[in-house]
1. Given +1 on the Cβ of Lys and Arg, -1 on the Cβ of Asp and Glu, and no further charges, what dipole in debye does the chain carry about its Cα centre, rounded to the nearest 20?
2. Along the positive direction of the dipole of the chain (beta-carbon charges: Lys, Arg +1; Asp, Glu -1; about the Cα centre), which of 143, 112, 100 reaches farthest?
3. Tell me the accessible surface of residue 140 in square angstrom (1.4 angstrom probe, heavy atoms of protein chains only), to the nearest ten.
4. Mind ranking 52-65, 70-83 by how tightly packed they are, going by the mean number of other C-beta atoms within 10 angstrom, highest first?
5. How would 42, 142 rank on accessible area, largest to smallest, probe 1.4 Å?
6. Excluding ligands, DNA and RNA, what is the solvent-accessible area per residue of the chain at a probe of 1.4 Å, expressed in Å²?
7. Quick one: how many lysine pairs in the chain have C-alpha atoms under 25 angstrom apart, if they're 8 or more apart or on different chains?
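The values are calculated or read from the model by the stated rules, or taken from the named source; none is laboratory data. Everything quoted here is computed from the prediction, not taken from an experiment. Note that we place each Cβ from the backbone using ideal geometry, even for glycine, and neighbour counts take in every protein chain shown. Remember, those area values only see protein heavy atoms, side chains included, never the ligands or the DNA or RNA. Shrake-Rupley method; radii C 1.70, N 1.55, O 1.52, S 1.80 Å.
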Amino acid sequence: MEQNNTQNDFTIVRMDKQKRIALVAHDSRKQDIINWVTVNKEKLTKHFLCGTGTTAKLLAAATELPITAFNSGPLGGDQQIGSRIVEGNIDFMIFFWDPLASQPHDPDVKALLRIAALYDIPVATNQSTADFLLTSPLIDQEYNRKIIVYTKRIHNRTKAFDNNEPMA
């Protein structure tokens, strides 16, 4: 359920109790995410899961969980997940990335993380954060995300600048 708050510059988007979780991992972290999902399988069965191609296929084979597979990350899978975040069809993302390896699709990864931030999606980029998010009481509750309407903020800043007003 989306609701605009015109006085403030944000939109409320409700996350249901059953979350739609994207699972992503760079090649050197695939075994780590397989291990993490295996340990957390019981909790994850309550939610809808999807992921980039190879990661989703490996996870489904290792855990027998139903996981919707998109394309491989370098072949557009990161962008497919990003578009579903924008559409409101992904609530949450676990992305085990390798901070030491250069990826051929680094711009896609950066774009995906930017979209997640823009749409106020909880994101874990390592196991500790994934553990904290999955064990949060909010994981099994409805939750209202506040998505900033940046176009309104930009308009207000431009208007204040044009009128020589101090910016908040």
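1. 200
2. Result: 143.
3. Roll a 1.4 Å probe over it and residue 140 shows about 70 Å².
4. On the way: 52-65: 18.6, 70-83: 20.3.
Ranking the peptides 52-65, 70-83 by packing returns 70-83, 52-65.
5. Solvent-accessible surface, decreasing: 42, 142.
6. 59
7. Final tally of qualifying lysine pairs is 24.
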